[in-house]
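Read through the structure below, which is laid out as structure tokens, and then see the notes.
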Amino acid sequence: MQTQKLKNRWLIAASAVGIHISIGSVYAYSVMTNPVKDIFDVDGSVIKWAFKIAILLLGLSAAFLGRWVEKVGPRISGTTAGIFYGVGILGSGLAVQLESLWLFYLCYGVIGGIGLGIGYITPVSTLVKWFPDRRGLATGMAIMGFGFAALIFGPVMQSLFDAVGVSNAFYILGIIYMILILSSARYIERPPEGYLPDGFKPGEGKTIKADISNIDANASLKTSRFYYIWIMMFINIACGIAIISSASPMMQEKLNYTPMEAAAIVGLIGVFNGVGRILWSSLSDYLGRANTYIVFFAFQILAFYFLPKISMELTFLVVLFTVITMYGGGFATLPAFLGDLFGTKQLGAIHGMVLTAWALAGVVGPTIYDWVKNTTGSLDTTLEVFAGLFMIALFVSLLMKRTVNKAYKVMDQKIEKSIKFV
């Protein structure tokens, strides 16, 4: 039975976007690198450690606090995320004002990173429950916000740095993020038990495919499906981040772009990162989640192998931007896929555990790229290594497809037996 006054599920989705578009501003970190390093009088690589710590804490807090997020619900966890992320950014302003590098690491990296992790997984299981008919679209909308945030907040950050100074810019941004996240968290809530959208009644109209299972986080760790999806995500993220982190010098090396022209391409990468999140997650509702990842890996094997060999500018950019859409699409398709594989019982917790792949890949991907490139001096060899990794990912995704098909076949057989028995 559904309650009389249901909240609008599209406004729930908009609230999720509000949370993700705020915490996604972490992707605009490169905008603050130069202004902050000048104040601390250190190299940019030193300042980038705050970003690395934040991404590491994102993955770890998502993994370890996932069960808590499921227990307390999206309103409390969203509020907590807003406080942590807001305080982290405000504290970063204080660190800049006091010229304390360790305080900057603590506030932006640790406190802000915890807010990132909680905020990232907060809306996921809630949206999957509100949109059982269009899981990919719903989670894609929210996670699209995370991808597009840099495009929005990057120019805002730069304008504030120029207008009010670095520390004051952090204070203003911290207040903006806190207001956005806290106001979004006030509206978001779980649907009533057994909720189905209008027109999706059993036996009438479009049917909703049953989940393979509906298990808790501990039980998911005992399945091969969990480890398949973890490996798939790790490789997709490691290879994607390696390209993103090296995009500007790659443009200058391969296409003879000026630093300014290369910077413009980096901005477009942010656009395609966001577009890919809504595009591929929506398509996965029709292609099937396992098939979507198979397409990702098959294409990227060829893309990474041939990319350094492409001399035509337009072709090079089309292939590069397509790869970036698949990087973003992997993130956005993940929550819906996890819902298919494990149900919604503890989806947030399971999602958090899989995001440990992000924490590790964020370090491993760029490190492999830099080591191979510096050792061999060859972009061809470097990207061939990543093409090889995608071959492993493709093999694992085919195993996943086989496992999923087998599970659905068993489910269909059980249904047939129960019908015959009746």
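The values are calculated or read from the model by the stated rules, or taken from the named source; none is laboratory data. All values reported here derive from a predicted model rather than from experimental measurement. Note that we place each Cβ from the backbone using ideal geometry, even for glycine, and neighbour counts take in every protein chain shown. Surface areas here come from the heavy atoms of the whole protein model, side chains and all, with no ligands, DNA or RNA. Shrake-Rupley method; radii C 1.70, N 1.55, O 1.52, S 1.80 Å.
By the rule of a C-alpha distance below 18 Å, with chain neighbours fewer than 8 residues away ignored, the aspartates and glutamates paired with Lys71 are Glu189, Glu193, Asp216. The mean accessible area for residues of the range 315-359, using a 1.4 Å probe and ignoring ligands and nucleic acids, is 13 Å² per residue.
Our summary gives the range 65-207 a relative contact order of 38 percent, counting only alpha carbon pairs under 8 angstrom and 6 or more residues apart. The orientation-averaged projection of the convex hull spanning the C-alpha atoms of the range 246-286 amounts to 3.2 square nanometres.
Measuring spread by the Cα atoms of the range 71-185 yields a radius of gyration and Dmax of 15.5, 51 Å. Taking a quarter of the surface of the Cα convex hull of the range 120-249 gives a mean projected area of 12.1 nm².
Couplings 3J(HN,Hα) for the range 222-239, derived from phi with the Karplus relation 6.51 cos²θ - 1.76 cosθ + 1.60 (θ = phi - 60°), are 8, 9, 5, 4, 4, 6, 4, 5, 5, 5, 4, 5, 4, 5, 4, 6, 4, 5 Hz, where x marks Gly and Pro.
Computed over the chain, the per-residue total of -39500 (n - 2.57) for DSSP H runs of n ≥ 4 gives a 222 nm mean residue ellipticity of -27000 deg cm²/dmol, rounded to 500. A dipole drawn for the chain from +1 and -1 charges on Cβ atoms has a positive end, and of Phe304, Leu160, Ala142 the residue lying farthest that way is Ala142. In terms of Cα atoms, the Rg and Dmax of the range 285-373 work out to 15.7, 50 Å.
At 4 °C and 1.567 mPa s, what whole-number value in µm²/s does Stokes-Einstein give for the translational diffusion of the range 160-319, with Rh from the Kirkwood sum over Cα pairs? Each step should come with its number before you reach the end.
Values: Rh = 20.7 Å.
This corresponds to a translational diffusion coefficient of 63 µm²/s.
Solvent-accessible surface of protein heavy atoms, probed at 1.4 angstrom with all chains present, puts Arg67, Arg289, Arg402 in the order Arg402, Arg67, Arg289, largest first.
Given +1 at the Cβ of Lys and Arg, -1 at the Cβ of Asp and Glu and no other charges, the dipole of the chain around its Cα centre is 1780 debye to the nearest 20. The Cα trace of the chain gives Rg and Dmax of 21.7, 77 Å, the first to one decimal, the second as a whole number. Among the protein heavy atoms of the range 60-123, carbon and sulfur supply 74% of the accessible surface, probe 1.4 Å, non-protein parts ignored.
Counting only C-alpha contacts under 8 Å and six or more residues apart, can you give the relative contact order of the chain as a whole percent?
About 26 percent, as a whole number.
Prolate is the label for the range 71-131, because the ratio a/c of its alpha-carbon gyration tensor axes (a ≥ b ≥ c) is 1.5 or higher and a/b is greater than b/c.
Starting from the Cα gyration tensor of the range 274-422, multiply each eigenvalue by 5, take the square root, and state the resulting semi-axes largest first in whole Å.
Working: eigenvalues 248, 56, 44 Å².
The answer is 35, 17, 15 Å, longest axis first.
Taking a ≥ b ≥ c as the square roots of the eigenvalues of the Cα gyration tensor of the range 39-89, is the shape rounded (a/c under 1.5), prolate (a/b larger than b/c) or oblate? It is oblate, given that a/c is not under 1.5 and a/b is not larger than b/c. I'd like the Kirkwood hydrodynamic radius of the range 1-150, using the inverse of the mean 1/r over distinct C-alpha pairs, in Å. Mean inverse Cα-Cα distance, inverted, gives 16.1 Å. Compared with the dominant Cα axis of the chain, that is its longest principal axis, helix 379-421 is turned about 20°.
Phi angles of the range 327-337 translate, via the Karplus equation with coefficients 6.51, -1.76, 1.60 and θ = phi - 60°, into HN-Hα couplings of 4, x, x, x, 5, 6, 7, 4, x, 5, 5 Hz per residue; Gly and Pro are given as x.
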